[in-house]
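All remarks here apply to the structure that follows.
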Amino acid sequence: MKLRHTAYSLMAGSVALLLAAGSAAAHNFHMGLADISYNARSGNTEIVHTYTTHDVATLLADLYGRNLDLGQPDSEAPIRKYVERQFYLQDGQGQRLPVQWLGVKADADTLTIFQEIEGRKLGPATRIHNAVLIDFQPAQKNTVNIQTDGPVQTLIFDQQHLELETR
């Protein structure tokens, strides 16, 4: 009986230690997510990005030399300028697609960015350039899920893959 109690105590202690270590290292993985989907009702391609608020705030402080409160309206212009430089789409002929900025929403954990391409569905061979935060965080990985026709296509961007093509 005492052996069983000791085993449970060791197991509980190990789990607690793993959870504590996980919490301390919880932000060692840097990632972003973007969903690109065609909205048949509006005829527009909608783009929704999600990033860690802390990563974006740290990047902007580094770029602009001051801390920005991402929940305030004056933070949107620097975010927009950065994202529009680091994320864009090109058609099969290499022409940039007209991605329009719709806005940004921030909370304590996530920053969500809304964009769209009016009156257009992405075609095959659309090139996506996604270097958001990759220039700042070498370990950054950005996943882009594309839903136009058929199954979702997933592309993963990192330092070696800043530009990828849809099928």
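None of the figures in this text is laboratory data; all of them are computed from the coordinates on show. Given the structure is predicted, the values throughout are model-derived calculations rather than measurements. Neighbour counts are summed over all protein chains in view; Cβ atoms, including those assigned to glycine, are modelled from backbone coordinates with ideal geometry.
Structural remarks
- Rounded to the nearest Hz, the phi-derived 3J(HN,Hα) couplings of segment 134-140 under the Karplus curve 6.51 cos²θ - 1.76 cosθ + 1.60 (θ = phi - 60°) are 5, 5, 9, 10, x, 8, 4, where x marks glycine and proline.
- Extension gain, E163 back to R120 (0.36 nm per residue minus Cα-Cα distance, nm): 13.4 nm
- For D62 and K105, the FRET efficiency from 1/(1 + (r/R0)^6), where r spans their Cβ atoms and R0 equals 22 Å, is about 0.50.
- For segment 30-165, the average shadow cast by the Cα convex hull is 8.1 nm², which is a quarter of the hull's surface.
- Sequentially through segment 40-55, phi angles give Karplus couplings (6.51, -1.76, 1.60; θ = phi - 60°) of 5, 5, 8, x, 10, 9, 9, 10, 10, 9, 9, 9, 6, 3, 4, 5 Hz, Gly and Pro residues having no value and appearing as x.
- Size of charge dipole - segment 30-90 - debye, nearest 20, with Cβ of Lys, Arg +1 and Asp, Glu -1, no other charges: 160
- Rg/Rh ratio calculated on Cα atoms of segment 92-167 (Kirkwood radius): 0.97
- Taking Cβ atoms as reference points and 14 Å as the exclusive limit, the residues near T50 contribute a net charge of -3, counting Lys and Arg as +1 and Asp and Glu as -1.
- Residues of segment 136-167 with amide N under 17 Å of the 7 Å Cα→Cβ point at N28: 138-141
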